[in-house]
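Asker: Sharing a structure below in structure tokens format, with a few things to ask.
The values are calculated or read from the model by the stated rules, or taken from the named source; none is laboratory data. Computed from a prediction, not measured in an experiment: that's the story for all the values here. Cβ atoms come from the backbone with ideal geometry, glycine included; neighbour counts cover every protein chain shown. To get the accessible areas, we keep the full protein, side chains included, count just its heavy atoms, and leave off ligands, DNA and RNA. Shrake-Rupley method; radii C 1.70, N 1.55, O 1.52, S 1.80 Å.
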Amino acid sequence: MSANRQQVVDYFEGTRWDYRHLWRSEKAGALHFGFYDRRIRNHVTALRRMTGYLASVVGITPEDRIMDAGCGIGGCAIRIADHFGCRATGVNITPFQVAAAREAAHRAGVDGLVEFVEADFTDTGLPDASHTVVWALESVVHVDDKEAFVREAHRVLAPGGRLMIAEYLVREDPAPTPAQEEELATWCRGWAMPGLLTAGEYERLLHKQGFEDVRIVDISPYVAPSLHRLRWLVRLLGPTAPAFRRLGVLAPVPADNLIASAAQIRMFDAGAWRYQVVTARKPAEPAAGTPGDAVPPGHTPAEPTR
Ligand SMILES: C[S@@+](CC[C@H](N)C(=O)[O-])C[C@H]1O[C@@H](n2cnc3c(N)ncnc32)[C@H](O)[C@@H]1O
């Protein structure tokens, strides 16, 4: 169970107004950045487009069963179920978001395909091998024990199942300077993120848990316009945030959220992090007759010879 769980819930409760009114999260069911390709000019369309883009990366089909780890208010799971007709389970520790996701699924008419459970994605209680895709969009950044998430994803995935994580990865080479590390820490503190990984750290973690075919793709150019919206909000509201926080005009969580967003943008401009999509596959079961298969009944294997 993640140790920083309450901090995450407090962050999303404290920034509920900001996400709804400044990010238009409820319009798109999205608490993530948008994906801008050539055709997209509009913020809400870009938020929705992120789901479509990632669904194509993962290769979602109607037969898939998706676990949306840290599902927010359910937009991705709902849109995928609606578009592909597949089943999805949204997992989230923030109770008001789970309730909002259930209502949204009902309104979209997909409550027969999608269920939302209030649980920690490092310990979901879902059955072994029950899903074909684990989808984590800007959610693993919020957990202290990322290895526990990867282990749980591996457990709930059926053999051959696919894992997709889209989030902010810290530059590996050259590593951030000490001043940049401090800025990254300000961002992490304000957004309830215990820490960010580098691409190499993810790769090692995934291989250690038995994932194969690990790929990491930098999609920052497609996400950058979405950051411009945040840049604009930070310019408008950021300068007053520290003073308003001290005066008690702005509560600590939304004030720190703004201060963190400003640090995030500075660190993006400095190249200290990039928006990346990590995909990996749980190995398929070995084909019948390959070593490691169960011994057929009545057959006693020979002792290995030396
Ligand atoms: C930035 S939001 C992204 C939500 C959603 N994936 C989206 O893209 O709209 C992160 C989400 O992860 C959830 N979350 C963070 N840590 C979690 C954990 N340990 N278990 C389950 N959910 C978690 C938060 O409650 C929040 O809904």
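Asker: Checking the conditions here, which among Tyr36, Tyr19, Tyr53 is within 16 Å of the chain's Cα centre (by Cα), open to solvent by 10 Å² or more (accessible area, probe 1.4 Å) and not polar (S, T, N, Q)?
Answerer: Tyr53
Asker: Are any residues in the stretch 168-195 surrounded by 19 or more Cβ atoms within 10 Å (Cβ to Cβ), in a loop (DSSP other than H, G, I, E, B) and within 16 Å of the ligand (Cβ to nearest atom), and if so, which ones?
Answerer: Those that are surrounded by 19 or more Cβ atoms within 10 Å (Cβ to Cβ), in a loop (DSSP other than H, G, I, E, B) and within 16 Å of the ligand (Cβ to nearest atom): Trp191, Ala192, Met193.
Asker: A further question follows. Looking at Ala77, Ala88, Ala105, Ala99, which one is outside any loop (DSSP other than H, G, I, E, B), over 22 Å from Val278 (Cα atoms) and open to solvent by less than 10 Å² (accessible area, probe 1.4 Å)?
Answerer: Ala105
Asker: Would you be able to say whether some residue in the stretch 242-258 is in contact with a strand residue (DSSP E or B) (Cβ under 6 Å, 6 or more places away or on another chain), modelled with pLDDT of 85 or more and open to solvent by 30 Å² or more (accessible area, probe 1.4 Å)?
Answerer: Checked the stretch 242-258: no residue is in contact with a strand residue (DSSP E or B) (Cβ under 6 Å, 6 or more places away or on another chain), modelled with pLDDT of 85 or more and open to solvent by 30 Å² or more (accessible area, probe 1.4 Å).
Asker: Could you identify the single residue in Leu157, Leu126 that is more than 16 Å from the chain's Cα centre (by Cα), within 29 Å of Asp213 (Cα to Cα) and within 13 Å of the ligand (Cβ to nearest atom)?
Answerer: Checking each option against the conditions leaves just Leu126.
Asker: State whether the residues of the stretch 197-205 include one that is hydroxyl-bearing (Ser, Thr, Tyr) and in a strand (DSSP E or B).
Answerer: Taking every residue of the stretch 197-205 in turn, at least one turns out to be hydroxyl-bearing (Ser, Thr, Tyr) and in a strand (DSSP E or B).
Asker: Would you pick out the residues in the stretch 149-164 that are closer than 19 Å to Gly59 by Cα, out of contact with any Phe, Trp or Tyr (no Cβ under 8 Å at 6 or more places or on another chain) and either open to solvent by 10 Å² or more (accessible area, probe 1.4 Å) or modelled with pLDDT under 95 (or both)?
Answerer: Ala158, Pro159, Gly160, Arg162
Asker: Mind listing whichever residues of the stretch 104-123 are among the charged types (D, E, K, R), within 15 Å of the ligand (Cβ to nearest atom) and either over 30 Å from Gln264 (Cα atoms) or in contact with a strand residue (DSSP E or B) (Cβ under 6 Å, 6 or more places away or on another chain) (or both)?
Answerer: Selection gives Glu115 alone.
Asker: Here is a follow-up. Filter the stretch 206-223 for residues that are touching a residue at least 60 places away in the same chain (Cβ under 8 Å), in a helix (DSSP H, G or I) and either under 16 Å from Gln7 (Cα atoms) or open to solvent by 10 Å² or more (accessible area, probe 1.4 Å) (or both) and give the result.
Answerer: Listed by number, the residues that qualify are Lys208, Tyr222.
Asker: Right, here's the next one. Among the residues of the stretch 129-145, count how many are more than 10 Å from the ligand (Cβ to nearest atom) and assigned to a helix (DSSP H, G or I).
Answerer: Residues meeting the conditions: 0.
Asker: Right, another one. Quick one: Gly59 ticks every box in (1) within 21 Å of Trp135 (Cα to Cα); (2) away from the ligand (no atom under 13 Å from the Cβ); (3) open to solvent by 40 Å² or more (accessible area, probe 1.4 Å) except a single one, so which number is it?
Answerer: Answer for Gly59: the failing condition is (3).
Asker: Also, I was wondering about something else. Test each condition in (1) at pLDDT 80 or above; (2) open to solvent by 60 Å² or more (accessible area, probe 1.4 Å); (3) part of a helix (DSSP H, G or I); (4) of a type outside the set (Ser, Thr, Tyr) for Arg274 and report the one that comes out false.
Answerer: (3)
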